[in-house]
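The values are calculated or read from the model by the stated rules, or taken from the named source; none is laboratory data. Remember, it's a predicted structure, so these values are computed and weren't measured experimentally. Using ideal geometry, Cβ is built from the backbone for each residue, glycine included, and neighbour counts are taken over all protein chains shown.
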Amino acid sequence: MMNDYDKFERLVQKFDQENKLIRAWELKGGISAKVTGLEILQSSGQIVKMIARQHGDNDLKRNPNIAADEHKLLGILKSAGLPVPMPYYFEQSCEIFSKPCILLEFIEGKSEFTPSNLNDHILQLAINLVKIHRVNCADLSLSFLPKVENTYVEMLNNIERVILDETLNLSMISDLLKSFMPLVSKNKEVILHGDYWPGNILWKEDKLVSIIDWEDSGLGDPLADLANSQLEISYHFGMQAMNDFTHQYKSMMPELNFTNLPFWQLFAALRLSKFPEWGLEKSKENSWKKRHKSFVRQAINQIRLI
C-alpha cells in the first residue's frame, strides 16, 4: 500500500513522468477540500510548487463531477485573464486516491483580514468581482455549471429540516423569500464565484494575486455574488467597508438592474448564518450577529419600497 508521499509522487509523474517529488505538506485553512502543497523537481532542473486539491465528501455528494468542473472552469477563467490558479492536471481514475484530484498552480500569497489600506483593499475586491462578472459567456461552453438560483431555491425548500437560529429571524426571512419566488430575472446570466469572501482571496504585498476555491461556482444573476460578498465584508471589515464595496461595484456595473438585490441579500443572510459551525470567539460572534441583523433589516426595508 502506498503512503501519502508515494501517492503524490505518482500524481506529479502522471502529469509529467520526468517530475520528481521533493516534499509534500498539508495546507491549513481548507474546510471543504483537502489541500496539499507539493515541491517538484522538473527535468529542466527547475524546482516548482504545485497544489493538489481533493474535494470533501459533502461537495462530492452534491456534485460527483465537482473536481472535473472546477478544473474546466479554472481553465476558462485563466484564458479570460482572471487571477486564478492555472489548472495543470485532473486525476479522475481514483487509482491513486479514493477521490478525484486536481493539480493546480501554487500561488504565493495569503488571505488578509487586517489590510494596511482598507480602502484600496475594498477597491481591489470590487474590481475583481466585476472582472468575474464581465467574462463574456456568449461563446463559452458552460452547461456543466449549475444554475445558482436553483441551488438557492433548493436551500429554501430544505430549510425546515434545519434547526434555525430564531434570534436571527431566519424563519421569517425564509417565509418572505418563498412569497416572492420565483424572482423575475432582470440581469443576464454570468459566471458566479459562489463564495467570494476574504478567505478565498490571496494577497501579496497588498496586491490581490489570486481568487481560489471555485467549488460553489455557477451561472446566474451577478447580484447573488454581490450580496454574499456584501455580508462577508460587513462581518470582517464592518458596515462602512461593505457600503464602500457596494458603491465601487455599482459604479463599475452601471448596466445592471439592482432591483432584486435585497432578495439576494436575504438569501445570503440565510446561507451565512451558521455561526456555531464557525468556531468564533463569543465577542466576535455577537458582533457578527448584530451586523447580520442590520443587513437583514436594510434588505427588508428596501423590499418594502419595491
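Which ranges mark the helices (runs of 4 or more DSSP H) fully within the range 1-116 that have 2 or more residues being within 25 Å of Ile191 (Cβ to Cβ) and either at pLDDT below 95 or of a type in the set (A, V, I, L, M, F, W, C) (or both)? Break it down into steps so the answer makes sense when it comes.
Details: elements: 4-15, 57-62, 66-79.
Correct list: 57-62, 66-79.
What pairs come out if I take residues in the range 111-139 that are in the same structural domain as Ser217 (by TED's automatic domain parsing) and pair them with residues that are of a type in the set (Asp, Glu) and buried (at least 16 other Cβ atoms within 10 Å of the Cβ) whose C-beta lies under 6 Å away, six or more apart or interchain?
Within 6 Å, the pairs are Ile122/Asp244.
Can you spot a residue in the range 179-189 that is in a helix (DSSP H, G or I) and surrounded by fewer than 16 Cβ atoms within 10 Å (Cβ to Cβ)?
yes
From (1) modelled with pLDDT under 95; (2) not in a loop (DSSP other than H, G, I, E, B), pick out the condition that doesn't hold for Leu226.
(1)
Mind checking which residues of the range 233-282 are touching a residue at least 12 places away in the same chain (Cβ under 8 Å), surrounded by fewer than 18 Cβ atoms within 10 Å (Cβ to Cβ), hydrophobic (A, V, I, L, M, F, W, C) and part of a loop (DSSP other than H, G, I, E, B)?
Phe258
Residues checked against (1) basic (Lys, Arg); (2) touching a strand residue (DSSP E or B) at 6+ places or on another chain (Cβ under 9 Å); (3) surrounded by 13 or more Cβ atoms within 10 Å (Cβ to Cβ); (4) farther than 20 Å from Pro100 by Cβ:
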site: Gln13; (1), (2), (3), (4): no, yes, yes, no
site: Ser32; (1), (2), (3), (4): no, yes, yes, no
site: Ser44; (1), (2), (3), (4): no, no, no, yes
site: Met50; (1), (2), (3), (4): no, yes, yes, no
site: Arg53; (1), (2), (3), (4): yes, yes, yes, no
site: Asp59; (1), (2), (3), (4): no, yes, yes, no
site: Arg62; (1), (2), (3), (4): yes, no, yes, no
site: Asp69; (1), (2), (3), (4): no, no, yes, no
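Based on this model, can you work out whether Asp195 counts as assigned to a loop (DSSP other than H, G, I, E, B), charged (D, E, K, R) and in contact with a helix residue (DSSP H, G or I) (Cβ under 8 Å, 6 or more places away or on another chain)?
Taking the combined requirement at face value, the residue satisfies it.
Among the residues of the range 283-306, count how many are farther than 17 Å from Asn169 by Cβ, modelled with pLDDT under 95 and part of a helix (DSSP H, G or I).
Adding up the residues that qualify gives 1.
Evaluate the following for Ser79: is it free of Cβ contacts under 8 Å to residues at least 60 places away in the same chain, over 30 Å from Ile306 (Cα atoms) and outside the structural domain of Ile211 (by TED's automatic domain parsing)?
So Ser79 passes the test.
Would you check if Val84 is over 30 Å from Asn136 (Cα atoms), among the β-branched types (Val, Ile, Thr) and not assigned by TED's automatic domain parsing to the domain that holds Gly218?
Taking the combined requirement at face value, the residue does not satisfy it.
Can you tell me which residue within the range 201-218, out of those that are not hydroxyl-bearing (Ser, Thr, Tyr) and not in a strand (DSSP E or B), is surrounded by the fewest Cβ atoms within 10 Å (Cβ to Cβ)?
In this case the residue turns out to be Glu205.
Among the residues that make up the range 236-248, is at least one of them in the same structural domain as Cys137 (by TED's automatic domain parsing) and in contact with a Phe, Trp or Tyr (Cβ under 7 Å, 6 or more places away or on another chain)?
Yes, the range 236-248 has at least one match.
Of all residues in the range 132-155, how many are crowded, with 17+ Cβ neighbours inside 10 Å and assigned to a helix (DSSP H, G or I)?
Here the count works out to 7.
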